[in-house]
1. Excluding residues fewer than 8 places away in the same chain, name every one of the aspartates and glutamates whose C-alpha is closer than 15 Å to that of residue 137.
2. For the stretch 151-163, just list the computed ³J(HN,Hα) in residue order, Karplus coefficients 6.51, -1.76 and 1.60, θ = phi - 60°, integers in Hz, with x standing in for Gly and Pro.
3. Can you give me the long-range amide H partners of residue 172? Hydrogens built in the peptide plane at 1.01 Å from N, cutoff under 5 Å, separation of 5 or more residues or another chain.
4. Using label points projected 7 Å from each Cα along Cα→Cβ, tell me how many nm separate residue 206 and residue 181, to one decimal.
5. Sequence-distant or interchain residues sharing an amide H contact under 5 Å with residue 153, placed H: which?
6. State in Å² the accessible area per residue of the stretch 134-225; use a 1.4 Å probe, count heavy atoms of protein chains only, and round to the nearest integer.
7. Whole Å is fine, so just give me how far the alpha carbon centre of the stretch 153-177 lies from that of the stretch 60-100.
8. Calculate the spin-label point distance for residue 125 paired with residue 159, positioning each point 7 Å from the Cα along the beta-carbon direction, and give it in nanometres.
Amino acid sequence: MSRLPRAAFWLPVLTLSALAVGLSTAHSQSTNAPPAGDPLAIKAGPPNAQRGETLTKSCQGCHGPMGHSTESDKPSLGGQIPSYTTLQLAAFRAKLRPSQIMQAIAANLSDQDIVDLAAYYAQQTPRGAWDANAALKAKGEQIYDNGIVGRNVTACVVCHGANGRGSNYLHVASITHQSPKYTLEVLNEFKSVPDYKLAYPNAMHIVTAQMTDDELSAVTAYLSSMGAGK
Ligand code: HEC
Ligand code: HEC
């Protein structure tokens with residue numbers, strides 16, 4: 001998998017105060033400016049989702065209308081929490097998160113563009129369900145709701161919520177309705193990152209490190225279509 005380098009992305013993001021990015025956008029009027037020289041710092045006025053929509057013309061070709069992606073290697077953006085989208089775009093722009101395509105695109109975005117785009121996508125619903133094997137999905141739902149007792153795998157629902165939509169306040173990403181291919185890659189990246197001994201985002205390393213390939217596939221099947229047909 002060529003996406004493994006994303007593992008190297010987390011450490012600089014952590015040390016460069018990922019939280020400051022979230023806070024500075026959540027409270028854009030705050031006088032607490034992020035530390036000088038932080039390549040992830042965002043300085044913008046209040047988010048304007050309408051302006052954000054006008055900027056999505058250059059995103060739709062890959063991420064779909066309203067951020068509903070139809071290609072399994074392009075993440076859906078619709079319904080994502082704004083602090084997560086903001087941080088990812090800032091990280092692509094700072095060339096901290098790998099992706100040739102996204103680094104080139106983010107290079108042209110201003111701080112205001114980033115928060116406006118994030119606000120627009122946050123207002124959209126997540127895309128519809130991807131096809132998933134019913135048995136696999138049922139097993140994944142068990143893990144999502146209950147964790148894996150005896151192996152210290154915390155139930156996903158505790159952090160990501162019953163609907164998988166995460167929490168902007170806690171900086172927990174929305175993880176529902178991504179393609180199975182994309183989700184499985186991300187989970188395997190978390191599994192393979194070194195143990196940074198830090199709570200954020202070490203949570204995902206601790207959770208995935210204990211899971212087998214079959215369990216990761218099951219939870220992936222559930223995430224990609226959760227809520228559908230219930
Ligand atoms: C030519 C295709 C293409 C275009 C155009 C494009 N993207 Fe992307 N985008 C990608 C791919 C591929 C990825 C996955 C990168 C990776 O490997 O991690 C991605 C990832 C992202 C992510 C990270 C999502 C996540 O869940 O981690 C965000 C946010 C994003 N793009 C926003 C945008 C925005 C906003 C625009 C328009 C200004 C845009 N993209 C235009 C292809 C594209
Ligand atoms: C203790 C809290 C916690 C638990 C439990 C947890 N997560 Fe997470 N998860 C997070 C946080 C925080 C992030 C955001 C990390 C980041 O992006 O920096 C995240 C990110 C993710 C992502 C990546 C989103 C993206 O687009 O990059 C996936 C997928 C995911 N979690 C799936 C799961 C699954 C499946 C489980 C259960 C087996 C689980 N999580 C359990 C806190 C948790």
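The values are calculated or read from the model by the stated rules, or taken from the named source; none is laboratory data. On a predicted model such as this, the values are computed, not experimentally measured, just so you know. Here the Cβ positions follow ideal geometry from the backbone for every residue, glycine too, while neighbour counts run over all protein chains shown. Heads up: the accessible areas ignore ligands, DNA and RNA and are worked out on the full protein's heavy atoms, side chains in. Shrake-Rupley method; radii C 1.70, N 1.55, O 1.52, S 1.80 Å.
1. 145, 213, 214, 215
2. In residue order, the calculated couplings are 10, 6, 8, 5, 4, 4, 4, 4, 9, 8, x, 4, 9 Hz.
3. 167
4. Placing both labels 7 Å along Cα→Cβ, they lie 3.4 nm apart.
5. Answer set, sorted by chain and number: 148.
6. Details: 4380 Å² over 92 residues.
Heavy-atom accessible area per residue stands at 48 Å².
7. So the separation of the two Cα centres works out to 18 Å.
8. Each label point is offset 7 Å from its Cα along the Cβ direction, giving 2.8 nm.
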